[in-house]
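The values are calculated or read from the model by the stated rules, or taken from the named source; none is laboratory data. On a predicted model such as this, the values are computed, not experimentally measured, just so you know. Note that we place each Cβ from the backbone using ideal geometry, even for glycine, and neighbour counts take in every protein chain shown. All accessible areas refer to the heavy atoms of the entire protein, side chains included, with ligands and DNA or RNA removed. Shrake-Rupley method; radii C 1.70, N 1.55, O 1.52, S 1.80 Å.
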Amino acid sequence: EDLNYGIGKRTEPGSIFKAFTFAIWLDQNEIALYDRYEDKESQVKVWPYTIKNASVEACRGTHTFLHALQYSCNVGMVRIAQKLTQNTFYNYLEKLGFASMTNIELAGEDPWFVEWVGTVSVARFFNNVFGQWLLVTPIQIAAWYGAMLNGGTYIKPTILSKVCESGTTNCQQNDVKTVRQI
């Protein structure tokens, strides 16, 4: 198989996605790092589904949202999702370039598919905020983390300093390209 897994293999990002949910809420000015939430049972029921924490002991009780991020508490992320609207969350994913190609200079990049707000149930939305039921490529995650670390500036990812035509000395320098402000 001729697939570059970094740009063409979709994976479920899991808990590394929690930083995006946290950043979205921070950007909405609706959270402070030390705001508190309560997690009595270490689970949330949504219809017949139960969303749980992987680490019950570290997450149960009253904690700050920063603690929820540090200890990877799914219920803490759900508490954030309950304050965000689905439209806000998926709007940020679109701004970040979710389900879009990063346009890195490698052949075979695939944007994959995302179910948008109109088709997503509450249970799926809650799972998406902590990285389950999403499919992304590793280069997308890297590009999004770059945007978060750059204060919301999305810079086109690149791994090559220049691109040269085969068998010639004709080369094009790859400059840092700011794509958009998120």
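Annotation note: of T62, T88, the sole residue that is assigned to a helix (DSSP H, G or I), open to solvent by 10 Å² or more (accessible area, probe 1.4 Å) and within 23 Å of D35 (Cβ to Cβ) is T88. Exactly one residue out of K40, K52, K9, K83 is open to solvent by 80 Å² or more (accessible area, probe 1.4 Å) and over 21 Å from the mean Cα position of the chain (by Cα), and it is K40. For region 136-170, a residue qualifies if it is of a type in the set (G, A, S) and in contact (Cβ under 8 Å) with a residue 24 or more places away in the chain, and the qualifying residues are A143, A147, G152.
The set of residues in region 51-81 being more than 16 Å from V129 (Cβ to Cβ) and of a type in the set (V, I, T) consists of V56, T62, T64. Within region 133-150, the residues that satisfy the criterion of being in a loop (DSSP other than H, G, I, E, B) and either farther than 19 Å from Y5 by Cα or touching a helix residue (DSSP H, G or I) at 6+ places or on another chain (Cβ under 6 Å) (or both) are W133, L134, T137, N150. For region 124-182, taking the residues that are aromatic (F, W, Y) and open to solvent by 60 Å² or more (accessible area, probe 1.4 Å), the one that is farthest from T85 (Cα to Cα) is identified as Y145.
Only one entry in Y145, Y92, Y154 is farther than 30 Å from V44 by Cβ and under 14 Å from the mean Cα position of the chain (by Cα), namely Y154.
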